[in-house]
Amino acid sequence: MKLVLLSGGSGKRLWPLSNDARSKQFLKVLEDEQRQLVSMVQRVWGQIAERGLGDSSYIATGKSQIEMMHNQIGRHVPLIIEPERRDTFAAIALTAAYLYSEQGISLDEVIAILPVDPYVESRFFDEVKELETALRDSDANLALIGVKPTYPSSKYGYIVPSEDERKASSAYRHVNRFEEKPSEERAAHLIEQYDALWNCGVFAFKLGFIIQLMEDKGLPLHYEELVRQYHTLPKVSFDYEVVERTKRIVVRPYEGYWKDLGTWNTLTEEMANRLIGKGMISEDSENTHLINEIDIPVSILGLSNVVVAVSPDGILVADKSASPRVKDFINYNQGPMFEERSWGWARILDDQRYDDGRTVVTKRVGILEGRNISYQLHINREEVWTIVKGEGEFIQNGNYMRVKAGNVLHIPMKTLHSIRAVTELEIIIVQSGNGEEDNRIVELYNTWEEVEEHCINM
C-alpha cells in the first residue's frame, strides 16, 4: 500500500503565524518526546516512519511549500508537486497520474490518502494499514476511517453506517450516507440512533478506481500532461466530486484519540507550553497562551481563556472560543512578513512606499551554515547588504570574495550575485526600486557547486 499525505492550504484560522508562505502544518508549537518544538508535519512524518510506512509514503504539496517541506523533514521524502492550488480532487488526480505514469504503480495497488496534519496517537497509522484489507475483503470502491465521537460536535462531518449494521462489531461497516457539519442536536441524534462516526478525511482506493474515473472525465493519465492542463481542473473537493457520488463505500471505526488542530482553541489544547517566545503570563491568567515570534516582549495580566499570537504579520488577541472567526476579519492581501526557506529564513522589518514611487523594503535574513541562496539577479531592484553575523563566500558577476560581519555590499539592478554561509550568517538587506514595477528575479543556479563550476572568476 502507498500512503499519500495532502499538504495544502494557508491555515487562515491560525493567523498571524500561519499564512500563504507558511501553512499551519509548519508551525513549531508542539513538543516531541525530547521536549523539542516540532511542527504538525514533523510529528506526523515521525509517526509514519515509526510505524514502518516511511518508505512507501509520499507528500502531495504546492510549489510554495517545497522549500519548507525540505527544511523540516528533509530532501529524502518524495514530493508530488501541484503547479497551483485546485482543491483536493485535483490534488488526488495528480497524485494518481504520478503514481501510474511516473512510478509504474499497478492499478491493483491500494492508495491511502490522509491530511498531513492530524493530531493522533501513533497507533492510528496501524488502522490506516488495515484499510487495504477492508477494501479487498469488501470489494468496495472506497474504504474510510471514521473516528468514534467523544461528544456531539458541529465542527466535523459525519459518516452514517447502514442501519442494519448499527452497533456492528465487524472490522468495517458499509456506508449509508454523509452529513456535513450538522447542529450539535442533530449530531447527538446521529451518534445515538445510527452510531455515526466523525469523518477524519482518511480513505483508500485501488489506483485503478481513480484512473478509470479520470479516464471517464477525459483527464490525462500521464503526469506531465496533467500538469500542463492542471489550471483547467475544477476547484472542488474530492469528498464532493467522488466520495459522495460513490456507491460502494466501507468505513473502519477507530476508537482512539484524534483531533483537528485547525484553530487556536484546539491547537493550544495540545501545546505543552503556555508561553513560547519573549513575554510573561500572570498566574491569575488561566487557560491563556502566548506565542510570540518577535523580539518585543509581550505581557498578559489577568486575562483567562485567551490566546495571544504575535508575528511579523500581525498580532491576534482573542477569546479562545471566538478565535476560529479570525479568518473572517483579517485582510490577507498583505504579503507574508516572515518566510522559512531551504537556506534559512527572511523577515521583513520595514516596507515603505514614497510619493515619488520608490519602494524601500528592509529585511533581516538568516542563512544556515553551509547553505546558499541561488545565483540570481533582480530586474527592478537594487540592494545594500550589511553583514551583521558570521562569515561567508560572496560572488557578484563572477567575482569572488570572502565576507564577514561588518562588511557592506552594494548590488545594483540586473547584477548576478549569490552568497554561501561558511558559518551561520545574518544580513540586513535594504532593497529599493520603482514600486510600480514587480520585483522580478532571474535565477541561474541553485547549488553552490554549480556556482563554483560555472560562475567564479578565480
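The values are calculated or read from the model by the stated rules, or taken from the named source; none is laboratory data. Predicted, not measured: the structure shown is a model, and the values here were computed from it. Every residue, glycine as well, gets a Cβ built from its backbone with ideal geometry; the counts of neighbours run over all protein chains shown. Accessible surface is based on the protein model in full, side chains and every heavy atom, while ligands, DNA and RNA are left aside. Shrake-Rupley method; radii C 1.70, N 1.55, O 1.52, S 1.80 Å.
Scanning region 242-257 for residues that are open to solvent by less than 30 Å² (accessible area, probe 1.4 Å) and under 27 Å from the mean Cα position of the chain (by Cα) gives VAL242, VAL243, VAL251, TYR254, GLY256. Of all the listed residues (PHE209, PHE203, PHE178), the sole one being under 28 Å from the mean Cα position of the chain (by Cα), more than 21 Å from LEU6 (Cα to Cα) and not polar (S, T, N, Q) is PHE178. Going through (1) open to solvent by 10 Å² or more (accessible area, probe 1.4 Å); (2) touching a His at 6+ places or on another chain (Cβ under 8 Å); (3) of a type in the set (Val, Ile, Thr) one by one, ILE373 falls short only on (2). Within region 12-24, the set of residues being open to solvent by 20 Å² or more (accessible area, probe 1.4 Å), under 20 Å from ALA318 (Cβ atoms) and in a loop (DSSP other than H, G, I, E, B) comprises just one member, TRP15. Scanning region 324-338 for residues that are open to solvent by 50 Å² or more (accessible area, probe 1.4 Å) and modelled with pLDDT of 85 or more yields one hit, ARG325. Within region 25-39, the set of residues being open to solvent by 30 Å² or more (accessible area, probe 1.4 Å) and within 15 Å of the chain's Cα centre (by Cα) comprises just one member, LYS28. Only residues that are assigned to a loop (DSSP other than H, G, I, E, B) and at pLDDT 90 or above were counted across region 158-182, and they come to 0. Of everything in region 384-406 that is within 22 Å of GLU450 (Cβ to Cβ) and open to solvent by less than 10 Å² (accessible area, probe 1.4 Å), the residue that is farthest from the chain's Cα centre (by Cα) is GLY398. Give the residues of region 45-60 that are touching a residue at least 60 places away in the same chain (Cβ under 8 Å) and part of a helix (DSSP H, G or I), sorted by residue number. Within region 45-60, GLN47, ILE48, GLU50 meet the criteria. Candidates are the residues of region 61-74 that are within 10 Å of the chain's Cα centre (by Cα) and either within 23 Å of ALA97 (Cα to Cα) or without any contact (Cβ under 8 Å) to a residue 40 or more places away in the chain (or both); the one that is surrounded by the most Cβ atoms within 10 Å (Cβ to Cβ) is GLN65. Where strands (runs of 3 or more DSSP E) fall wholly inside region 303-376, the ranges with 1 or more residues that are among the β-branched types (Val, Ile, Thr) and without any contact (Cβ under 8 Å) to a residue 60 or more places away in the chain are 306-311, 314-319, 344-353.
Just to be sure before I move on: is ILE48 among the aliphatic types (A, V, I, L, M) and modelled with pLDDT under 90 in the structure I sent? No: the conditions fail for ILE48. Among the residues of region 335-381, those that are acidic (Asp, Glu) and either in contact with a Lys or Arg (Cβ under 8 Å, 6 or more places away or on another chain) or within 23 Å of ALA421 (Cα to Cα) (or both) comprise GLU339, GLU340, GLU369. List, please: which pairs have Cβ atoms under 6 Å, are six or more places apart or on different chains, and start with a residue in region 85-111 that is under 16 Å from PRO220 (Cα atoms) and of a type in the set (Ser, Thr, Tyr) and end with one that is part of a helix (DSSP H, G or I) and open to solvent by less than 70 Å² (accessible area, probe 1.4 Å)? So the pair list comes out as TYR98/TYR223; TYR100/ILE211; SER101/TYR223. If only residues of region 407-446 that are open to solvent by 60 Å² or more (accessible area, probe 1.4 Å) and assigned to a loop (DSSP other than H, G, I, E, B) are counted, the one that is modelled with the highest pLDDT is GLU424. Restricting region 302-323 to residues that are out of contact with any strand residue (DSSP E or B) (no Cβ under 7 Å at 6 or more places or on another chain) and at positive phi, the residue that is surrounded by the fewest Cβ atoms within 10 Å (Cβ to Cβ) is GLY302. Determine the pairs where a residue that is farther than 15 Å from GLY62 by Cα, located within region 21-42, has a partner that is open to solvent by 30 Å² or more (accessible area, probe 1.4 Å) and in a helix (DSSP H, G or I) with Cβ atoms under 6 Å apart, the partner being 6 or more residues away or on another chain. As it stands, the answer is LEU30/ARG43, since those pairs meet every condition given.
With respect to VAL236, is the statement that it is touching a residue at least 60 places away in the same chain (Cβ under 8 Å), of a type in the set (Val, Ile, Thr), part of a loop (DSSP other than H, G, I, E, B) and open to solvent by less than 50 Å² (accessible area, probe 1.4 Å) true? Judged against the criteria, VAL236 is a match.
Each row is one residue, and each column tells you yes or no for (1) at pLDDT below 90; (2) open to solvent by 20 Å² or more (accessible area, probe 1.4 Å).
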position: VAL110; (1), (2): no, no
position: ILE113; (1), (2): no, no
position: PRO118; (1), (2): yes, no
position: PHE124; (1), (2): no, no
position: LYS129; (1), (2): no, yes
position: THR133; (1), (2): no, yes
position: ALA143; (1), (2): no, no
position: GLY146; (1), (2): no, no
position: SER153; (1), (2): yes, no
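Give region 267-301 a look and list any residue that's free of Cβ contacts under 8 Å to residues at least 24 places away in the same chain, surrounded by 15 or more Cβ atoms within 10 Å (Cβ to Cβ) and in a helix (DSSP H, G or I), or say none. Passing the criteria: none in range.
For the structure I just gave you, tell me whether LYS363 is in contact with a strand residue (DSSP E or B) (Cβ under 6 Å, 6 or more places away or on another chain), open to solvent by 30 Å² or more (accessible area, probe 1.4 Å), at pLDDT 90 or above and not hydroxyl-bearing (Ser, Thr, Tyr). For LYS363, the condition - in contact with a strand residue (DSSP E or B) (Cβ under 6 Å, 6 or more places away or on another chain), open to solvent by 30 Å² or more (accessible area, probe 1.4 Å), at pLDDT 90 or above and not hydroxyl-bearing (Ser, Thr, Tyr) - is met. Being charged (D, E, K, R), crowded, with 22+ Cβ neighbours inside 10 Å and under 24 Å from SER56 (Cα atoms): is that true of GLU82 here? Yes, satisfied.
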